[in-house]
Amino acid sequence: MSLVTLLLLAAALIGIGLYGALSQQSFVMLMMGLELMLNGAMLAAVAFWAYSGAGAPQGQLLTIIVMAVMAIEMAMGFALVVAVFRGKQADTTEALSELKQ
Amino acid sequence: MIESLASLLMVLVVLALGPYVVAVMDRLVATAPRGALASDVWLGPLSRAAWLLTQHANATEAPDWQAWRLAPALYLALAAVGLALVPWSPTLIATDLVTSVVLWGSVEALATVVIFLHGWSANAVLPLIGAYRYVALGLSYILISMFVLIGAALPAESLQLTQVVASQESLWNVVRQPLGLPLFLVVGLGLTFWGPLNLADSTDLAGGTAAEVSGPSRLVWECARAVMLVAFSGIAATAFLGGWLGPWLPGPVWVLLKTLFVLALLLWLGQWLPRVAPERCVTLMWIVLLPLSFVDLVWAGVLALWA
Amino acid sequence: MEHSIFVDIAFLLLAVLAVVAGWRVFRTDSMVRASFFLLVSFIAVGAIMMLLAAEYLGVAMFFMMAVEMMVMALFMVMFMMNPAGLNPMMMVHQHRLSIIAGAVAFFILAAMALFSSFPADPLPAGLDPVRSLGHEMLGDSMLIFESAGIVLLATMIGVVVLSSHRGRYGAAEEGSVPPGLEPGGDPAGQPEKGESEGGHEHHHHHH
């Protein structure tokens, strides 16, 4: 376990998450991709805190903030999905193509 | 080194004996007040276990086999984590994490996932309804438990259970925060869906999440619920009844006695309280008990500022 | 930081678990399983954080993500077809592009990790990470922390507004009809005209 291996793991998680966020059609699976990316970001933040931040408490605080952002993202995401589903019976991104106009 | 080995051994012993003790005590509590002790108090649990072991394991149509078989084992593992957090003495403890109070909170949260998985993976209607019920209720138990436990951690100024015990040297939390233990006992009945709060595996759902389970995995599921009840009693005894503190006897004996006391109290409540309907239970949790847990936390905070 | 060989072994196993579980999220046939695979990935990362001495953050990952993924699984079952995973499920678009984008992101980040030099400034001896985090949150960074709390409160209000049944302009699901059984057909599952209004029976589904 070293900074490099930790960052490689974080990079792998972010890569998989990006693939999921771009490729999935359903809203909820898309959000899972975003969450996986944030997972990698949190790991990287903690790794930097432990190995090159001299234990500055702001490193840990950043991770707490990311967790709060994840909660907000999920709550707002689901509320929007509920609203969209009520209005259009849509649960995939393609079904919302008229939003482009 | 010897002490950590001894504490691990203790966890294993409680894992092995816990279900039997819970079953015997439950029978005693159920029959003793009526004056007639059931004849099968001592051997009944063993013969039921043997009967379950020899039963054919039921299969439903297209269940998620991995999750279905894994869920009881995972619930047992969560109970074991809970047991490992209970300090038997200042040094005799399996995992003395600085955030052990929060880790117990995560055990409660993960139990929700495991119970849902158990009901969902059977791919049958009644287990799924039981699973949904537990999720709806489990979220309210977790919130109450969180506030009550933060209250218990406040006087210790630490999230470590050994520190929480040390802070009760002069006054146990059960006296210092009178609302804490009663609220926490409700959480315990909910977490193991025992007695009045048995809504996930209740008889109106023909057994709920366990409706389709038979044979050895049913045995594991029942054992896991019993061990979770024991682990919860241990945590409650640590957080509110002063853990190893007490005169004359050595610390581990006090922990054992207090754990058994909380366990008996829970089983007695489980036998003699009426069952609540799920809708009313949610109302009760959110409108009565959750505000009470706020009051408990404010109480603890004011006392901590004063001291 | 010096650590024993056991920490390295544990890290390796947890890292493999995190990546494999994260990959399985998008390769399983059931949405519920997908969200629980994601939970496994989070738990593995939380355990790695605990190996890194961030004991509060690791444990916080466990309970935050347990509840979050539980809610996610519920939404999965509500919205998605095929919740139990009885049929193969692969709902993707721009698949090749996504694979390339994911791989490129990984390689760029990995190259940054491998070829840039970061200061080696490990945790000082005697640091109590939980205490230092607490003092930071309720000390110098209190404004940030409290702002996060306010934003969460605003989120709660916003979510209730967005998803509530009744809005200022009438019931939220007014005008929402399920799709027809055949393209362009009548909406499926609607009550016959003249029966009691259908909107209110929603309340009974939740039990």
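The values are calculated or read from the model by the stated rules, or taken from the named source; none is laboratory data. The shown structure was predicted, so the numbers you read here are calculated from the model rather than taken from an experiment. As a convention, Cβ positions derive from the backbone with ideal geometry for all residues, glycine included, and neighbour counts pool all protein chains shown. Ligands, DNA and RNA are excluded from the accessible area calculation, which covers all protein heavy atoms including side chains. Shrake-Rupley method; radii C 1.70, N 1.55, O 1.52, S 1.80 Å.
What to note about this one:
- Partner shielding of B:264-276 amounts to 0, given as the average count of beta-carbon atoms from other chains within 10 Å of each residue beta-carbon.
- Carbon-plus-sulfur accessible fraction, chain B (probe radius 1.4 Å, protein heavy atoms only): 74%.
- Longest to shortest principal axis, alpha-carbon extents of the range B:2-306, angstrom: 60, 43, 43
- Accessible area per residue (1.4 Å probe, heavy atoms of protein chains only) ranks B:Asp40, B:Asp64 as B:Asp40, B:Asp64, with the largest value leading.
- Principal axis dimensions, the range B:13-126 - Cα atoms, whole angstrom, descending: 46, 45, 24
- The helix-based estimate of mean residue ellipticity at 222 nm for chain B, built from -39,500 (n - 2.57) per DSSP H run of four or more residues and divided by its residue count, is -22500 deg cm²/dmol to the nearest 500.
- Charges were assigned to the Cβ only: +1 to each Lys and Arg, -1 to each Asp and Glu. The resulting dipole of the protein assembly as shown about its Cα centre is roughly 700 debye.
- With only the Cα atoms considered, the range C:1-81 has a convex hull volume of 68 Å³ per residue.
- With the simple spin-label model, which puts each label point 7 Å out from Cα in the Cβ direction, the C:Arg27 to B:Thr203 separation comes to 4.8 nm.
- Positive-end extreme of charge dipole, the protein assembly as shown - chosen from A:Met76, C:Met65, B:Ala57 (charges on Cβ): B:Ala57
- Dipole-positive endmost among B:Trp244, B:Leu292, B:Trp268 within the range B:202-293 (Cβ charges, Cα centre): B:Trp244
- The mean count of C-beta atoms from other chains within 10 Å of the C-beta of residues in C:136-142, rounded to a whole number, is 3.
- Based on every Cα atom in the range B:81-234, Rg and the maximum pairwise Cα distance Dmax equal 16.7, 53 Å.
- Net charge dipole size for the range C:1-81 [Lys, Arg +1 and Asp, Glu -1 on Cβ; Debye, nearest 20]: 320 debye
- FRET efficiency for the pair B:Phe294 and B:Ala30, taken as 1/(1 + (r/R0)^6) with r the Cβ-Cβ distance and R0 = 30 Å, rounds to 0.30.
- Helix content alone sets the calculated 222 nm mean residue ellipticity of chain A: runs of n ≥ 4 DSSP H residues at -39500 (n - 2.57) each, divided across all residues, give -28000 deg cm²/dmol.
- Note on B:Leu12/B:Phe261: beta-carbon distance plugged into 1/(1 + (r/R0)^6) with R0 of 25 Å gives a FRET efficiency of 0.65.
- Counting, for every residue in B:139-150, the Cβ atoms of other protein chains within 10 Å of its Cβ and taking the mean gives 1.
- Most to least accessible of B:Asp26, B:Asp296 (protein chains only, probe 1.4 Å): B:Asp26, B:Asp296
- Subtracting the Cα-Cα distance of C:Phe118 and C:Val161 from their residue separation scaled by 0.36 nm leaves 10.9 nm.
- B:Val125 paired with C:Phe107, simple spin-label distance in nm, labels 7 Å along Cα-to-beta-carbon: 5.4 nm
- Gaussian network model of chain B, springs between alpha carbon atoms under 10 Å - residue of B:Trp244, B:Trp194, B:Trp51 with greatest fluctuation: B:Trp51
- Whole-percent pair-distance distribution, where bins are 10 Å wide, for the alpha carbons of the protein assembly as shown: 3, 15, 25, 27, 19, 9, 2, 0, 0
- Maximal additional length on extending the B:Val253-B:Ser214 stretch stands at 10.4 nm, based on 0.36 nm per residue less the C-alpha distance.
- Ranked by solvent-accessible area (1.4 Å probe, protein heavy atoms only, all chains present), the residues B:Tyr132, B:Tyr141 order from largest to smallest as B:Tyr132, B:Tyr141.
- Potential lengthening of the chain between B:Arg275 and B:Leu171 amounts to 34.0 nm, from the contour at 0.36 nm per residue minus the alpha-carbon distance.
- Put a plus charge on the Cβ of each Lys and Arg, a minus charge on the Cβ of each Asp and Glu, and nothing anywhere else: the dipole of chain B about its Cα centre is then about 420 debye.
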